[in-house]
Amino acid sequence: MLAIGDNVKNSRIANNRIKKTSEGFTLVELTVAMVVLTVGVLGGVLMIIIGATRDNSNRVDTTATNVAQTVMEQISGAPTNANPILVLTDCVQTSQATSNLKINTTPGGATLAANGDIDFTADTAANLNANNYQMNYTVCGTNGLQTVYDVRWHIQAVGAGGWGKLVTVSARQPFVNSQNGIAFIRPVTLRTVVSM
C-alpha cells in the first residue's frame, strides 16, 4: 500500500507534467500563424478578383465575336460581283427603314496593321462611319443594360478579275481599349473569303 505521502508526491509530479504541457502559444508562434493566415486569405481574395475580371473579359470577348460574325455574315451574303450598301439593325435601331447601321461592301475600308488585323488607331471612327466602314453596334442585355461595340471592316478584292473578296471584320468594346485598366481586351478579328 501507498502511504499518504506517496500520493501527495505522485500528484505533484502529475501536476508538474500537466503544467509543462499546457503552457500555450508564445508571441512568436502566434505572429507566425497570423502571417500565414493573412497570406492565405489575401491569396484567396486575389484569386476571386482575378476570376471575376477574367469572367467579364470572356463575356466581352464572346459578345464582340458574335457582333463581328453578324457583320461578316451580312457582307458574305451580298453578291461578290456587286457592291451594295447593306442595312443592319441592332437592339436599339430595330427598323431597317430608319437604321443608320450601314455596311459598305465595296473594296476598301479600315486600315490594316502589318499582321492583317484592323488598326483601330489609324482611322477615325467618324471618317469610317461616313464611308460606311464602321458602326457602333449596340447589344442589349438584362435590366436595360446596353453595351456598344465599335465594329470596323476592310474588304479586299482577290483573284484575277476580282472573283472574290477577302473580308476582315473587327469588333471591340471602346471602354476596354486602353491598357490602363485591370484587364486589356484585344479587339476580335475575323476573316473570310467570299467568292462567286
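The values are calculated or read from the model by the stated rules, or taken from the named source; none is laboratory data. Keep in mind that this is a model prediction, so the values were computed, not measured. Reconstructed Cβ throughout: ideal geometry from the backbone, glycine too, with neighbour counts over all protein chains shown.
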(Q) One residue is enough: does the range 88-103 have a residue meeting the conditions touching a residue at least 60 places away in the same chain (Cβ under 8 Å) and surrounded by 14 or more Cβ atoms within 10 Å (Cβ to Cβ)? (A) no
(Q) Can you pull out every residue in the range 133-164 that is modelled with pLDDT of 90 or more and more than 26 Å from the chain's Cα centre (by Cα)? (A) Ile155, Gln156
Q. Does Arg54 satisfy the condition of being among the basic types (Lys, Arg), surrounded by fewer than 15 Cβ atoms within 10 Å (Cβ to Cβ) and either within 18 Å of Asn132 (Cα to Cα) or free of Cβ contacts under 8 Å to residues at least 60 places away in the same chain (or both)?
A. no
Q.
Which residue is farthest from Ile75 (Cα to Cα), if the candidates are limited to the range 126-147 and must be crowded, with 16+ Cβ neighbours inside 10 Å and among the aliphatic types (A, V, I, L, M)?
A. Val139
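A quick yes/no check of all residues on (1) surrounded by 10 or more Cβ atoms within 10 Å (Cβ to Cβ); (2) modelled with pLDDT under 80; (3) under 19 Å from the mean Cα position of the chain (by Cα):
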{"residue": "Thr21", "(1), (2), (3)": "no, yes, no"}
{"residue": "Leu42", "(1), (2), (3)": "yes, no, no"}
{"residue": "Arg59", "(1), (2), (3)": "yes, yes, yes"}
{"residue": "Thr63", "(1), (2), (3)": "yes, no, yes"}
{"residue": "Ala68", "(1), (2), (3)": "yes, no, yes"}
{"residue": "Gly77", "(1), (2), (3)": "yes, no, no"}
{"residue": "Ile85", "(1), (2), (3)": "yes, no, no"}
(Q) Here's a check for you: in the range 109-124, which residue that is more than 12 Å from Val169 (Cα to Cα) and surrounded by fewer than 17 Cβ atoms within 10 Å (Cβ to Cβ) is nearest to the chain's Cα centre (by Cα)? (A) Thr121
